[in-house]
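Student: Before I ask anything, here is the structure I am working with.
The values are calculated or read from the model by the stated rules, or taken from the named source; none is laboratory data. It should be emphasised that the depicted structure is a prediction, and the values quoted were computed from it without experimental measurement. Reconstructed Cβ throughout: ideal geometry from the backbone, glycine too, with neighbour counts over all protein chains shown.
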């Protein structure tokens, strides 16, 4: 059995959980595991319903007063009991900040291996292995879990596509699981989460990015790109020369002396693709390059390329996007 | 602002082969002779020892043997003994292998090394002897007291690009010493200051330089036997241009190759990096590299002037050693052993002077006497005119080189080649008349991103990194640049710089010089070759620069 | 207050990967190493906490002999002494082994606070800190942006995703993994470098029989299989076709 641990905050399901479910389904297929169970801890009735509606497997709700606000000690105590009860072969999660916060402790408490930030599943049915980046993505590693107990795996966000989930025929059952937690043993006392205006633009969190390079020609032409960013719901970014010229602030620079990003969509406008830029964005899921020069290196990493004048193509794209 | 101060007996500026040999020799002398323990400090602008070291490199182990006789037991990283030499004369698509290797290019008994690895090892040896090695500290200015050198001020750290201190600001340190040994390398910024302030080059021929551009490649097994040393003359350079290529084969398919261009060429549109690319495109070289992978890139100027251009290397409180003093044999293409030797001799001179309680110029003049009695003079004096002769063209140069060997340099009169290399560069109209239509390099060649790369890609592979928020460390007299140098020479800095630091950006308001200072690989070519000498290289914040692993 | 800061030595940022012949690890001969950048922020934070609250900063690392370089660097920046679990096998150890090795060496020291970086720039498991806390039996919190200590109580600001944050209180002793950028790193000074030579590096042997949680089967350069689809036609046609493919094929909109 594969146990997927869903994540919620304030009762709202973290979207990355759907990706973890897809990864778990693929792992099940690879490893010949027939059943899947989803566990969700905390006060999350609606999220549990949402998960059950997908019909991918029994949903275990783990409710307890000590789990209402997330604290790693509480989660480790509760989920250790669930796992001991269920004896899954794999425990799967999305590699979120919360997973990073408690899963290493949970796996250690159960004396079980944990593989983090996996991007793909490989290996044989009886011994699946996992691909994960190492050395900041300079290398891909195939790793195999060692030791007994369930194997914990966290999957990189974006590595699997939520829309590839194979839904079941009908809704799954929801089963509450009782756990005993000594509230006084939870040492972390969390306060209410709050949002803060980011001090700097954090492009690494952007789902879509429109980046401009020298092909934009002058600062006055930036609105052409900004219109596309607006139509796509994207952040604006740039290659080094643009920021060096002061047309956009340094914090919007992508590349080896700027930020490293891996959004769902990266549109490179008039960017030739110097290696210093490529190292900062080549991990993007879908890359679009629009450039006059058919020999520009950016086309080597692009999924879609248009060779032509961005000042003609971009407004046409905006018009097309606004049509729908 | 309180400035930290540090007092030592001997300060060595520059942790290359010269500086580290000086440090090790001082520690040895101290051990042998006893007496009050000397405090010895080495300043190095690279964060890690060896990170800014770039050379071919073939090491003549003679000095190493004298300095560290048990170097093999101590694990000196000598990649491969030289097993065979080949010299080729290249034409555009053919090559002619010289049947006899000219004696200066015979490398039997020498080793192919990575200078980066070698210097890292040397630094370990020095630190093992208790030397203080300060990585990430650049010497900014020479401290003087009257006519005497008393030490060095290191650069401030934590200054933003507008010159304002950042929260992490750390003022430079004044390090004073009884003797300061300047080993700041080719065109060292402090040695340059010394030469000017104390007129140490008076009566000498002008310094001459070349630019070496190098790459490290991993090639498929069996391409080139480890221990093979190849040198080339001719293509892609023209008759009156000095330089040539080198290919050194190390174990496990690692190949070091590069191209040297004399920084005294006349054509303002020549691009040394293009020359290197053309060298790689020559069938002889392309065959070797095919299917391989470039792993490192770098560039560095080298002092080519020889004996007659070496400045007075001693003054009150200071000595100059290694490339900073021009101690390099351009005919043998070797300087590491001379850098080490002059470092050792400087150490001995400093030690004796300190023990004698007199570190004046008169006392430190013993350094000159030691050099004159050493293998340094024995090696450099006979070939003192060779580089200058290349000013008359390749064939004349070769003839002189041959003559130098035959006669051991006993000419009655020295060849006088009276102008610094950058003054030989001709203006666009001077060189091209009115034929010129575009300012593209005259030796332009295509970049395929497999065998040949553009400069920006090279910079990536040099590992060059600087804190972006600091003032430019390249001081350019921009008025001369736009009003005079541009129209007359077509901005040659954009071509001779091998790291794309200088770029002319075309804007509606007109062309503008953009300085991409963080690309800089510290080769010093701009400081040397600018026709109006309006570019001054000063050290960026300590720790910045290339990372020449394996170079 | 007695603060431990755990640091790792990793290949320098500009390192170009080269693999060992068996592909199971990198070729270490020609790598130059540096302090794991996230750990540098943890070190800086520990020095600032010591400046505010007094006490001692002990820098700890598990690795082969070469990690002395980063221990010395930490001592030069101001750490008081160092603890080095030394074993050549630790160069490629996973988080389980590294954390267990550190826990064994640190247990007797009874630290009030243990800081680590967020994750390492080499293997990047992002586990070592949390596993270490579990092994030491102390509470932890991760991805910390601010540390407050008042009267023996710890209050930290933890980063959540998407611009959200949360304050968390917990008793000491505790372990925190520090978010990069929490502070501005100081420079090592000449005096600091000289003083570092006289500071103690206590070496501890690797306990026998530590269990790894995973094994590297093979390392490879990431490959990019996808083919670039060049979209032709007039500007309007190409734009229309591109938007269609982004919607239907790539599902990127």
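Student: Can we say residue C:39 is closer than 23 Å to residue A:142 by Cα, away from chain B (no Cβ under 14 Å) and either surrounded by 15 or more Cβ atoms within 10 Å (Cβ to Cβ) or out of contact with any strand residue (DSSP E or B) (no Cβ under 8 Å at 6 or more places or on another chain) (or both)?
Tutor: no
Student: Next question. Among the residues of segment B:364-392, which ones are modelled with pLDDT of 95 or more and touching a strand residue (DSSP E or B) at 6+ places or on another chain (Cβ under 9 Å)?
Tutor: Hits for segment B:364-392 are B:364, B:365, B:366, B:367, B:368.
Student: Still on this structure, please answer the following. Only one residue in C:252, C:238 is part of a loop (DSSP other than H, G, I, E, B) and facing chain A (nearest Cβ under 9 Å), so which one is that?
Tutor: C:252
Student: Further question: Please enumerate the residues belonging to segment A:110-125 that are surrounded by fewer than 17 Cβ atoms within 10 Å (Cβ to Cβ), free of Cβ contacts under 8 Å to residues at least 40 places away in the same chain and either at the interface with chain C (Cβ under 7 Å from one of its Cβ atoms) or assigned to a loop (DSSP other than H, G, I, E, B) (or both).
Tutor: Hit for segment A:110-125 is A:111, nothing else.
Student: Additional query: Would you check if there is a residue in segment B:203-220 being without any contact (Cβ under 8 Å) to a residue 12 or more places away in the chain, assigned to a loop (DSSP other than H, G, I, E, B) and at positive phi?
Tutor: Within segment B:203-220 (the criterion being without any contact (Cβ under 8 Å) to a residue 12 or more places away in the chain, assigned to a loop (DSSP other than H, G, I, E, B) and at positive phi), the answer is yes, since at least one residue qualifies.
Student: Related question: Test each condition in (1) surrounded by fewer than 17 Cβ atoms within 10 Å (Cβ to Cβ); (2) under 16 Å from residue B:451 (Cβ atoms); (3) touching a helix residue (DSSP H, G or I) at 6+ places or on another chain (Cβ under 6 Å) for residue B:291 and report the one that comes out false.
Tutor: Only one criterion in (1) surrounded by fewer than 17 Cβ atoms within 10 Å (Cβ to Cβ); (2) under 16 Å from residue B:451 (Cβ atoms); (3) touching a helix residue (DSSP H, G or I) at 6+ places or on another chain (Cβ under 6 Å) is unmet by residue B:291, namely (3).
Student: Would you check which residues across segment A:172-193 are surrounded by fewer than 15 Cβ atoms within 10 Å (Cβ to Cβ) and out of contact with any strand residue (DSSP E or B) (no Cβ under 6 Å at 6 or more places or on another chain) and list them?
Tutor: A:178, A:180, A:182, A:183, A:184, A:185, A:192
Here's the yes/no breakdown for (1) within 9 Å of chain C (Cβ to nearest Cβ); (2) in a loop (DSSP other than H, G, I, E, B); (3) modelled with pLDDT under 90:
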| position | (1), (2), (3) |
| --- | --- |
| A:130 | yes, no, no |
| A:140 | yes, no, no |
| A:163 | yes, no, yes |
| A:167 | no, yes, no |
| A:179 | no, yes, no |
| A:197 | yes, yes, yes |
| A:201 | no, yes, yes |
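Student: If you don't mind, there's one more thing I want to ask. Name the one entry in A:28, A:78, A:46 that is in a helix (DSSP H, G or I), over 23 Å from residue A:165 (Cβ atoms) and away from chain C (no Cβ under 14 Å). Working first, answer last.
Tutor: Working: A:28 fails: over 23 Å from residue A:165 (Cβ atoms); A:46 fails: over 23 Å from residue A:165 (Cβ atoms).
Among A:28, A:78, A:46, only A:78 is in a helix (DSSP H, G or I), over 23 Å from residue A:165 (Cβ atoms) and away from chain C (no Cβ under 14 Å).
Student: Specify which of the listed residues (B:57, B:18, B:23, B:27) is modelled with pLDDT under 95, within 30 Å of residue B:191 (Cβ to Cβ), away from chain C (no Cβ under 14 Å) and touching a helix residue (DSSP H, G or I) at 6+ places or on another chain (Cβ under 8 Å).
Tutor: The match here is B:57.
Student: Has segment A:261-277 got any residue that is assigned to a loop (DSSP other than H, G, I, E, B), at the interface with another protein chain (Cβ under 8 Å from one of its Cβ atoms) and within 25 Å of residue B:517 (Cβ to Cβ)?
Tutor: Looking through segment A:261-277, at least one residue is assigned to a loop (DSSP other than H, G, I, E, B), at the interface with another protein chain (Cβ under 8 Å from one of its Cβ atoms) and within 25 Å of residue B:517 (Cβ to Cβ).
Student: Moving on to the next point. Within segment B:114-136, does at least one residue satisfy the condition of being away from chain C (no Cβ under 11 Å), farther than 29 Å from residue C:70 by Cα, touching a helix residue (DSSP H, G or I) at 6+ places or on another chain (Cβ under 9 Å) and in contact (Cβ under 8 Å) with a residue 40 or more places away in the chain?
Tutor: No, segment B:114-136 has no match at all.
Student: Of the conditions (1) in contact (Cβ under 8 Å) with a residue 12 or more places away in the chain; (2) in a loop (DSSP other than H, G, I, E, B); (3) within 14 Å of chain A (Cβ to nearest Cβ), residue C:161 clears all except one; give me its number.
Tutor: (1)
Student: Further, regarding this structure: Please determine whether any residue of segment C:181-200 is part of a strand (DSSP E or B) and either under 23 Å from residue C:34 (Cα atoms) or free of Cβ contacts under 8 Å to residues at least 40 places away in the same chain (or both).
Tutor: no
Student: Out of everything in segment B:259-271 that is in contact (Cβ under 8 Å) with a residue 60 or more places away in the chain and in contact with a helix residue (DSSP H, G or I) (Cβ under 6 Å, 6 or more places away or on another chain), what residue ends up being surrounded by the most Cβ atoms within 10 Å (Cβ to Cβ)?
Tutor: Only one residue fits best here, namely B:264.
Student: Considering A:175, A:180, A:154, which residue is in contact (Cβ under 8 Å) with a residue 24 or more places away in the chain and under 27 Å from the mean Cα position of the chain (by Cα)?
Tutor: A:154
Student: Can you pull out every residue in segment B:513-531 that is within 14 Å of chain A (Cβ to nearest Cβ), out of contact with any helix residue (DSSP H, G or I) (no Cβ under 8 Å at 6 or more places or on another chain) and under 18 Å from residue B:272 (Cβ atoms)?
Tutor: Across segment B:513-531, the qualifying residue is only B:520.
Student: From the set of residues in segment A:220-247 that are over 24 Å from residue C:163 (Cβ atoms) and loosely packed, with under 14 Cβ neighbours inside 10 Å, which is nearest to the other protein chains (Cβ to nearest Cβ)?
Tutor: Top of the filtered list is A:220.
Student: Could you list all residues from segment A:310-324 that are free of Cβ contacts under 8 Å to residues at least 60 places away in the same chain and more than 7 Å from chain C (Cβ to nearest Cβ)?
Tutor: Answer for segment A:310-324, where residues must be free of Cβ contacts under 8 Å to residues at least 60 places away in the same chain and more than 7 Å from chain C (Cβ to nearest Cβ): A:319, A:323, A:324.
Student: Sticking with this structure for a sec: Within segment C:15-31, which residues are in contact with a helix residue (DSSP H, G or I) (Cβ under 8 Å, 6 or more places away or on another chain) and within 14 Å of chain B (Cβ to nearest Cβ)?
Tutor: Within segment C:15-31, C:15, C:16, C:17, C:26, C:28, C:30 qualify.
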